[in-house]
Amino acid sequence: MMFIRSLLFLFFLFFTSNASSLKQTYVIHTVKTNTKDIVSSLLNSLQTDSNIQDDNDFALPEIHYIYENAMSGFSATLTDDQLETVKNSRGFISAYLDELLSLHTTHSHEFLGLEFGIGLWNKTSLSSDVIIGLVDTGISPEHVSFRDTHMPPVPSRWRGSCDEGTNFSSSSCNKKIIGAGAYYKGYESIVGKINETTDFRSARDAQGHGTHTASTAAGDIVRKASYFGLAKGRFASGMRFSSRIAAYKACWALGCASTDVLAAIDRAILDGVDVISLSLGGSSRPFYVDPIAIAAFGAMQKNIFVSCSAGNSGPAKSTVSNGAPWLMTVAASYTDRTFPAIVRIGTGKKIVGSSLYKGKGFENLSLAFNTTAGGGSGAEFCVRNSLKRELVEGKIVICLRGAGGRTAKGEEVKQNGGVAMLLVSRQTEGEELLADPHVLPAVSIGYSDGIVLLKYIAGGGGAANATVASIGFRGTEYGARAPIVAAFSSRGPSVAGPEIVKPDISAPGLNILAGWSPFSSPSLLRSDPRRVQFNIISGTSMACPHVSGIAALIKSVHGDWSPAMIKSALLTTASTTDNRNQPIGDMGAGPNSAATAFDFGAGHVDTTRAVDPGLVYDLSTVDYLNYLCSLSYTSERILLFSGTNYTCPPTPGDLNYPSFAVNLANGAKMKTVRSYRRTVTNVGSPACEYMAHVEEPKGVEVRVEPKVLKFQKVRERLSYTVTFVAEASRDSSSSFGALVWISDKHKVRSPIAVTWE
């Protein structure tokens with residue numbers, strides 16, 4: 001390692017090129033043992049370079065990181081000629097440009113059934129040391145959620161450190177936050193130097209997102225936490241509040257550079273975390289050019305569970321990101337907590353929306369929208385500088401979602417004298433009722449009610465009625481129908497891996513209360529002077545740390561389980577019915593529409609059942625490599641994951657995944673037959689018997705052999721085959737069902753998604 005660093009230092013000082021001064025940052029993959037050889041090759045090219053003119057021709061490369069745990073390679077800013085030198089070096093595998101990935105931006109534990117002394121919140125599961133590493137915007141170490149009162153000493157196996165930086169010292173860590181670091185070299189090579197008047201070149205969180213996700217996964221118990229009195233329950237708590245936290249800051253104002261995210265994951269693996277939580281991602285792409293997929297593969301090999309957000313591009317189909325099978329991909333759903341506001345328009349029609357405003361309501365105020373609010377470009381969306389004060393002052397202003405940030409629309413209304421805002425969802429956002437921390441009284445309204453509202457104002461209110469509205473704010477209420485899959489949550493099927501059902505599972509992600517940074521307003525607007533300890537925000541970013549914390553709980557009970565076994569336990573015990581015992585709904589298609597496996601995977605996470613699943617589907621590194629073989633990956637592409645040469649078997653076989661994605665060609669002349677083999681491991685009673693129960697997808701006959709699995713001991717493995725006989729063609733593109741193995745104590749459910757392409 002020291003030899004490599006010495007070579008890189010010399011390389012930085014002396015390697016020059018007379019090529020174009022245009023430089024770009026790359027992730028460079030190498031064979032495990034050949035990083036130093038590539039650098040040596042670069043140095044050798046220097047000795048033969050006789051074209052150096054003077055200092056003006058110098059184009060010094062910038063070496064950012066050396067990766068040794070998540071993958072093998074390094075990142076560097078290079079000219080085109082320097083990149084060619086790298087590509088021609090022995091041991092080089094591939095290189096691709098750095099890019100900016102995006103963030104997928106209390107009551108949860110009760111809604112998920114976590115109670116003291118019961119199930120996963122018992123004394124045994126909370127006492128063992130589990131370390132959760134979060135790659136995000138950093139952490140606020142002084143936050144009450146990260147107190148280390150009564151925590152035992154840091155485990156001796158921990159290899160991490162608390163890196164000092166701007167406004168962050170080694171004493172910022174404690175027995176709760178046991179590691180912290182900041183990674184910004186890639187970001188600064190793309191965006192420019194970080195403005196330290198608004199952020200910190202350290203692990204300190206200036207945005208709030210990282211503090212929110214960390215406190216959701218592992219924050220300590222905080223009694224009577226709330227957002228200005230809203231969402232106040234008995235207490236706020238992380239899913240596994242006794243876990244240690246390691247905060248790796250790789251996300252900044254404009255996003256997260258993939259080179260920095262790789263460096264953070266690389267460090268987390270070296271430090272010795274048990275779980276990695278990633279509430280970020282990019283667009284779906286093949287796994288061999290997906291830095292998160294590649295880095296997470298390295299983590300999986302070290303027995304680290306990796307949880308990722310599915311993305312916020314729903315409800316459009318095939319938008320899910322982070323689709324590799326060794327990742328847990330988490331969709332977002334509602335809890336039963338709401339923040340209702342009642343809007344009554346001049347016709348007497350009542351519209352139920354959502355609001356985080358707690359003050360008095362408004363009676364019969366005039367409405368303003370588009371031409372009656374500004375008439376300029378973007379006035380219907382209330383974008384910056386689109387409204388006219390003389391048209392909106394003293395009125396309730398209607399703004400459509402889209403074309404800008406939701407809280408920024410409220411800022412535009414307030415700055416022009418509007419007293420309140422009605423934020424209306426378009427068809428693409430569906431009936432979603434987001435509760436945002438606006439700077440003025442504001443109500444979120446769904447698409448259907450929005451049509452009623454817009455028709456009313458377009459008609460002028462009629463001869464007897466002006467276009468007016470009244471608003472009443474009802475605070476916090478519990479008991480709404482839930483869970484429901486959020487409209488914004490990204491959907492399957494996965495473009496990168498259609499052979500796997502993605503997302504995997506859903507968890508609370510809408511209107512989530514959790515910790516916040518004191519350096520950021522709740523609205524994220526600079527004009528907003530408010531500061532809060534806890535904030536309410538939404539996204540699959542919020543769903544991901546719920547599952548990260550729950551995985552930590554399962555790992556504390558089953559310390560010898562592989563990441564695949566933990567994932568299997570979560571998937572096969574997930575719930576597909578809501579608190580009304582009805583099928584879980586899909587807000588993207590309307591709350592009365594049932595969600596499918598492409599919306600929420602196996603279903604909604606069930607913490608009580610996940611700790612005792614009965615059977616699990618296990619997977620090893622070789623299994624995943626064989627899966628890559630089945631995708632017809634070249635040996636060079638497989639090398640990105642294996643690190644050493646791997647020979648694919650003649651028949652790779654099926655991936656032992658706890659779900660079934662069956663892809664068929666539509667318009668075939670005869671029925672199509674597909675068979676899949678699976679192996680389950682008994683982790684329940686020593687002697688037990690399971691019978692197969694099938695919920696057949698429409699248009700598909702499902703056969704299971706054998707129909708009964710008889711186990712004689714714990715950890716015994718038995719296999720079965722499922723055969724799908726599908727109709728030649730279908731009008732609909734997808735059909736869904738399930739295979740459930742049932743014993744006297746357990747139900748082990750695997751979703752089935754059949755797609756006619």
I want the antiparallel fraction of DSSP beta bridges within the chain, as a percent rounded to 5. 65
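Counting Lys and Arg as +1 and Asp and Glu as -1, what is the net charge of the other residues whose Cβ lies under 14 Å from the Cβ of L718?
Working: positive: R677, R678, K707, K710, K713, R715, R717; negative: D618, E689, E705, E716.
Neighbour charge sum, excluding L718 itself: +3.
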Kirkwood-Stokes translational diffusion coefficient of region 471-608, alpha-carbon pairs, 20 °C, 1.002 mPa s, µm²/s: 127
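Looking at region 222-326, which trypsin sites (Lys or Arg not before Pro) are DSSP coil and have at most 13 other C-beta atoms within 10 Å of their C-beta?
Working: sites: R223, K224, K232, R234, R240, R244, K249, R267, K302, K317; in loops: K224, K232, R234, R240, K302, K317.
Listed in order of number, the matching sites are K224, R234.
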Starting with the highest mean, order 328-337, 148-157 by the number of other Cβ atoms within 10 Å, averaged over the residues of each peptide. 328-337, 148-157
Ignoring ligands, DNA and RNA, please state the percent of accessible area on the chain from carbon and sulfur, probe 1.4 Å. 50
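So what's the net charge close to C688: Lys and Arg +1, Asp and Glu -1, counting the other residues with Cβ under 15 Å from its Cβ?
Values: positive: K710, K713, R715, R717, K745, K747; negative: D612, E689, E716, D744.
For residues surrounding C688, the net value is +2.
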Which of the GluC sites (Glu not before Pro) across region 333-421 are loop residues per DSSP, with 14 or fewer other Cβ within 10 Å? E393
Lys/Arg Cβ at +1, Asp/Glu Cβ at -1, dipole of the chain taken about the Cα centre: which of L664, P697, I66 is farthest positive-ward? P697
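Let me know the charge dipole size of region 655-756 about its Cα centre in debye, to the nearest 20, where only the beta-carbon of Lys, Arg (+1) and Asp, Glu (-1) is charged.
Values: 16 positive and 9 negative charges, 61 e Å.
Around 300 debye, computed over region 655-756.
Averaged over all directions, how much area does the convex hull of the C-alpha atoms of region 655-756 cover when projected, in nm²?
On the way: hull surface 24.1 nm².
The directionally averaged projection comes out at 6.0 nm².
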Of all C-alpha pairs within the chain, those more than 40 angstrom apart amount in percent to 37
Residue among G311, S470, G272 farthest towards the positive dipole end of the chain, charges placed on Cβ: S470
Value at 222 nm in deg cm²/dmol, rounded to 500, when DSSP H runs of n ≥ 4 in the chain each add -39,500 (n - 2.57): -6000 deg cm²/dmol
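Rounded to the nearest 20 debye, what is the charge dipole size of region 377-452 about its Cα centre when +1 sits on each Lys and Arg Cβ and -1 on each Asp and Glu Cβ? Can you show the working numbers first?
Values: 9 positive and 10 negative charges, 52 e Å.
Roughly 240 debye for region 377-452.
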Take every Cα-Cα distance within region 247-381, group them into 5 Å bins from 0 onward, and report for each bin the whole-number percent of pairs it holds. 2, 8, 13, 14, 12, 9, 9, 9, 9, 7, 6, 3, 0
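For region 551-596, state which trypsin sites (Lys or Arg not before Pro) are in a DSSP loop and have at most 13 other beta carbons lying within 10 Å of their beta carbon. Walk me through the numbers before you get to the answer.
Working: sites: K555, K567, R580; in loops: R580.
Loop-located and lightly packed - R580.
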Let me know the charge dipole size of the chain about its Cα centre in debye, to the nearest 20, where only the beta-carbon of Lys, Arg (+1) and Asp, Glu (-1) is charged. 1980
Using the heavy atoms of the protein chains and a 1.4 angstrom probe, tell me the accessible area per residue for the chain in square angstrom. 38
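State, as an integer percentage, the relative contact order of region 655-756 based on alpha-carbon contacts under 8 Å between residues 6 or more apart. If you can, show how the numbers build up before the last one.
On the way: 224 pairs, mean separation 39.2, N = 102.
Result for region 655-756 is 38 percent.
Taking the Cβ of D654 as the center, what net charge do the other residues with Cβ under 12 Å away carry, scoring Lys and Arg +1 and Asp and Glu -1? Before the final figure, lay out each step's value.
On the way: positive: R674, R677, R678; negative: E499, D623.
Once positives and negatives cancel, what remains is +1.
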Can you find, among S675, G590, G165, the residue farthest towards the positive end of the dipole of the chain? Put +1 on the C-beta of Lys and Arg, -1 on that of Asp and Glu. G590
With no solvent term and unit scatterers on the alpha-carbon positions of region 269-337, Debye gives log₁₀ I(q)/I(0) at q = 0.16, 0.25, 0.27 Å⁻¹ of -0.56, -1.11, -1.23
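The values are calculated or read from the model by the stated rules, or taken from the named source; none is laboratory data. Note that the coordinates shown come from a computational prediction; the quantities given were computed from them, not determined experimentally. No Cβ is skipped: glycine too gets one built from the backbone with ideal geometry, and neighbour counts run over all protein chains shown. Side chains included, ligands, DNA and RNA excluded: accessible areas come from the protein's heavy atoms. Shrake-Rupley method; radii C 1.70, N 1.55, O 1.52, S 1.80 Å.
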